[in-house]
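Trainee: Quick one: this structure, given as structure tokens, is what I'll be asking you about.
The values are calculated or read from the model by the stated rules, or taken from the named source; none is laboratory data. Note that the coordinates shown come from a computational prediction; the quantities given were computed from them, not determined experimentally. Here Cβ is always computed from backbone atoms with ideal geometry, including for glycine, and neighbour counts include all displayed protein chains.
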Amino acid sequence: MSTATVDQVIEALRPVEDPELHRSIVDLDMVHDVAVSSQGVSLTITLTIQGCPMRNEIQSRVTTALSPLVGGAPVTINFGVMTEEQRAKVRQMLNGDPRSTAGTNQAHGHAEGRVIPFAQKNSKTRPLLISSGKGGVGKSSVTTNLAVALAARGNSVGVLDADIYGFSIPRMLGADTEPVVIDGMILPIETYGVRCFSMGHVNRENKAIVWRGPMLHKALEQFLTDVFWDEPDYLLIDMPPGTGDIAMSLASYLPSAEVIVVTTPQDAAHSIAHMSAKMAKVVNLPVRGVIENMSWFTGDDGKRYDIFGTGGGKELADELGVPLLAQIPITTALREGGDEGKPIAAVAPDSETGKAFAALAEQIDKMKPKKIFSKGLKLL
């Protein structure tokens, strides 16, 4: 084994990040009891929780980082678990102490005093409300694949599934495992470079959710404050259909949000989708564009078939004075990918539909944010 010191081991581990927290394991104080001898290197890694699902990945990353330093000598890793005090320090480092922020911008704060990070004027995150006036237009599918396509362009992306009653994002992203909780801080599930959180991660037994407005309001607030989103470049919010309580709550919680309306080509869909745009106007949120989904089907003969008609998306965009950002073709692979948790933008980026989502992501990346900081509606 080449000569190495404890300090050199620590420095070699500094670039190694916890897969869920995206911070150095050294900075998180996970590295302990480092010992170097002629027999190799031994150390202890304290995991955030008992049964941490990322244990094997952390072991692989640590071993890979130390192998060049020790010249093939064995790397022995022992695992421990953080104490409650250590977990509290991790949360404080990542999110700030929730008990110390009382009195700071209570207009957009949690009941305990925590602020909603995306409501702050210095937030770098662009919240995008992906909305529609009705169900059945493929809004969740668009949200999922747009998120993956944005991540593929090098962006950090989060998806909040705000469809409390009809959540589908966990299944579509293949992110249906149980989230890790550290001292009350929830870590979103990450797949395909996208972090997501949904009522589906809370309602593990798929029970019917029978809630009135105030409960919905509180749940959304906790999704924004208790989940460690880590200031992504984009936070896509998969909105429920319609213009009810959730839309009003999110307008209040996310004053810098931008609205993108999803519709299909037929007249009936685009007329109802107009309601989402009207809702955005009422709460003073800008509509940035229209996405037309299910625009056509390309047959085995190479011809396009306009199953749901033509022109609805362009007509809606013209009426609203915004661009038609994309036309997404309907394919069996798109539907199958949603059912199997394998988004077409990830598994078939060179397909016709995959390219459409890539072009959409490029359009949105080039679009400058429009931060109005709406005060929304006063909720009673």
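Trainee: Restricting attention to region 137-167, report how many residues are of a type in the set (Gly, Ala, Ser), in a loop (DSSP other than H, G, I, E, B) and without any contact (Cβ under 8 Å) to a residue 60 or more places away in the chain.
Mentor: Count: 1.
Trainee: Restrict the check to region 278-294 and report whether at least one residue is touching a Lys or Arg at 6+ places or on another chain (Cβ under 6 Å), at pLDDT below 80 and farther than 19 Å from HIS217 by Cβ.
Mentor: no
Trainee: Among the residues of region 102-129, how many are more than 17 Å from LEU160 (Cβ to Cβ), modelled with pLDDT under 85, in a loop (DSSP other than H, G, I, E, B) and not hydroxyl-bearing (Ser, Thr, Tyr)?
Mentor: Count: 7.
Trainee: I've got another one for you. Residue check, ASP230 against (1) under 19 Å from the mean Cα position of the chain (by Cα); (2) farther than 19 Å from ALA356 by Cβ; (3) at pLDDT 80 or above; (4) buried (at least 21 other Cβ atoms within 10 Å of the Cβ), all met but one. Which one?
Mentor: Failed condition: (4).
Trainee: Continuing with the same structure: If GLY337 satisfies all but one of (1) surrounded by 18 or more Cβ atoms within 10 Å (Cβ to Cβ); (2) over 28 Å from the mean Cα position of the chain (by Cα); (3) modelled with pLDDT of 90 or more, what's the number of the condition it fails?
Mentor: Single failed check for GLY337: (2).
Trainee: Just give me the residues in region 19-36 being modelled with pLDDT of 95 or more and either surrounded by fewer than 13 Cβ atoms within 10 Å (Cβ to Cβ) or in contact with a Cys (Cβ under 9 Å, 6 or more places away or on another chain) (or both), in sequence order.
Mentor: Hits for region 19-36 are HIS32, ASP33.
Trainee: OK, next. Mind telling me which of the residues ASP318, ASP301 ends up being in a loop (DSSP other than H, G, I, E, B) and either surrounded by fewer than 20 Cβ atoms within 10 Å (Cβ to Cβ) or touching a Pro at 6+ places or on another chain (Cβ under 7 Å) (or both)?
Mentor: ASP301
Trainee: Looking at this structure, is LEU250 within 26 Å of ILE169 (Cα to Cα), crowded, with 23+ Cβ neighbours inside 10 Å and in contact with a Pro (Cβ under 6 Å, 6 or more places away or on another chain)?
Mentor: So LEU250 fails the test.
Trainee: Let me ask something else about it. Being closer than 17 Å to GLU258 by Cα and within 25 Å of the chain's Cα centre (by Cα) is the filter here, so list the residues in region 314-332 that pass it.
Mentor: Matches in region 314-332: PRO323, LEU324, LEU325, ALA326.
Trainee: Looking at (1) in contact (Cβ under 8 Å) with a residue 40 or more places away in the chain; (2) touching a helix residue (DSSP H, G or I) at 6+ places or on another chain (Cβ under 6 Å); (3) under 13 Å from SER132 (Cα atoms), which one does ILE260 not meet, given that it meets all the others?
Mentor: The failed condition is (2).
Trainee: Okay, moving on. When region 1-43 is examined, which residues are found to be under 22 Å from LEU187 (Cβ atoms) and either of a type in the set (Val, Ile, Thr) or part of a helix (DSSP H, G or I) (or both)?
Mentor: The answer is LEU13, VAL16, ILE25, VAL26, VAL31.
Trainee: In this structure, does LEU325 turn out to be under 19 Å from TRP296 (Cα atoms) and either crowded, with 16+ Cβ neighbours inside 10 Å or not hydrophobic (A, V, I, L, M, F, W, C) (or both)?
Mentor: Judged against the criteria, LEU325 is a match.
Trainee: Could I ask something else about it? Looking only at region 43-54, count every residue that is of a type outside the set (Val, Ile, Thr), more than 11 Å from ASP18 (Cβ to Cβ) and either modelled with pLDDT under 95 or under 27 Å from the mean Cα position of the chain (by Cα) (or both) and tell me the total.
Mentor: Residues flagged as of a type outside the set (Val, Ile, Thr), more than 11 Å from ASP18 (Cβ to Cβ) and either modelled with pLDDT under 95 or under 27 Å from the mean Cα position of the chain (by Cα) (or both) within region 43-54 amount to 3.
Trainee: Within region 159-173, identify whether any single residue is acidic (Asp, Glu), surrounded by fewer than 24 Cβ atoms within 10 Å (Cβ to Cβ) and touching a strand residue (DSSP E or B) at 6+ places or on another chain (Cβ under 7 Å), and answer yes or no.
Mentor: yes
Trainee: In addition: Which residues, counting only those in region 334-369, are under 26 Å from ALA257 (Cα atoms) and part of a loop (DSSP other than H, G, I, E, B)?
Mentor: Within region 334-369, PRO343, MET367, LYS368, PRO369 meet the criteria.
Trainee: Would you tally the residues in region 110-136 being without any contact (Cβ under 8 Å) to a residue 40 or more places away in the chain and either surrounded by 23 or more Cβ atoms within 10 Å (Cβ to Cβ) or acidic (Asp, Glu) (or both)?
Mentor: Total meeting the criteria: 1.
Trainee: Being in the same structural domain as THR46 (by TED's automatic domain parsing), at pLDDT 95 or above and more than 27 Å from the chain's Cα centre (by Cα) is the requirement here; does ILE77 meet it?
Mentor: yes
Trainee: So which of LEU187, LEU254, LEU224, LEU250 is of a type outside the set (Asp, Glu), touching a strand residue (DSSP E or B) at 6+ places or on another chain (Cβ under 6 Å) and modelled with pLDDT of 80 or more?
Mentor: Exactly one of LEU187, LEU254, LEU224, LEU250 is of a type outside the set (Asp, Glu), touching a strand residue (DSSP E or B) at 6+ places or on another chain (Cβ under 6 Å) and modelled with pLDDT of 80 or more, namely LEU254.
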